[in-house]
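The block underneath contains the structure these notes are about, expressed in structure tokens.
The values are calculated or read from the model by the stated rules, or taken from the named source; none is laboratory data. Every value quoted in this text rests on a predicted model; they were computed, and no experiment measured them. Ideal geometry is used to build each Cβ from the backbone, glycine not excepted, and the neighbour counts take in all protein chains shown.
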């Protein structure tokens, strides 16, 4: 599937919106030692649900993780694997993602295989807000992300209202 449009991500206030940790971290759909990925949310509510999920896992009070910059990214013609619903996930032996790191390994194996097969990323339901989608964009080693461009940000200093439909 080809993904275009606007996607969302939050970063610490003032941080580079394309910044990546060094070394790259492990996430649901990849291990940083094999491939890095930039994760985006299809809407602001999903971005905040993922933030709340991350904070809950780490036992971090939301107010101590602010301020944040909420960035909007323009994605142009990015060819990704479509894992956007339960049926598509079931065809490859996965269930809809649930919060928590313990079950990541099968998802990482799929993401890493997709990267190996030449996919630029994947789209899947959010573990934190299943009604929304996340986009994992595989980052080429040393390569630019020309088809994912940060276009605008809003600084958030107050704890956002938790989105409806959120799981932590």
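Within the range 99-115, the set of residues being touching a residue at least 12 places away in the same chain (Cβ under 8 Å) and either more than 15 Å from the chain's Cα centre (by Cα) or surrounded by 14 or more Cβ atoms within 10 Å (Cβ to Cβ) (or both) comprises 99, 100, 104, 106, 107, 108, 110, 111, 112, 114, 115. Scanning the range 41-69 for residues that are out of contact with any helix residue (DSSP H, G or I) (no Cβ under 8 Å at 6 or more places or on another chain), surrounded by 21 or more Cβ atoms within 10 Å (Cβ to Cβ) and closer than 20 Å to residue 13 by Cα gives 45, 46, 47, 48, 49, 50. When residues in the range 73-98 are screened for being under 28 Å from residue 16 (Cα atoms), crowded, with 18+ Cβ neighbours inside 10 Å and at pLDDT 95 or above, 4 of them pass.
Scanning the range 116-161 for residues that are surrounded by fewer than 18 Cβ atoms within 10 Å (Cβ to Cβ), closer than 15 Å to residue 50 by Cβ and in contact with a strand residue (DSSP E or B) (Cβ under 7 Å, 6 or more places away or on another chain) gives a single hit, 156.
The set of residues in the range 25-40 being out of contact with any helix residue (DSSP H, G or I) (no Cβ under 6 Å at 6 or more places or on another chain) and either under 20 Å from residue 159 (Cα atoms) or touching a residue at least 24 places away in the same chain (Cβ under 8 Å) (or both) consists of 26, 27, 36, 37, 38, 39, 40. Among the residues that make up the range 60-77, is at least one of them assigned to a helix (DSSP H, G or I), in contact with a strand residue (DSSP E or B) (Cβ under 6 Å, 6 or more places away or on another chain) and within 21 Å of residue 153 (Cβ to Cβ)? No, the range 60-77 contains no residue that is assigned to a helix (DSSP H, G or I), in contact with a strand residue (DSSP E or B) (Cβ under 6 Å, 6 or more places away or on another chain) and within 21 Å of residue 153 (Cβ to Cβ).
When the range 27-39 is filtered for residues that are in a loop (DSSP other than H, G, I, E, B) and under 20 Å from residue 49 (Cβ atoms), the ones remaining, listed by number, are 28, 29.
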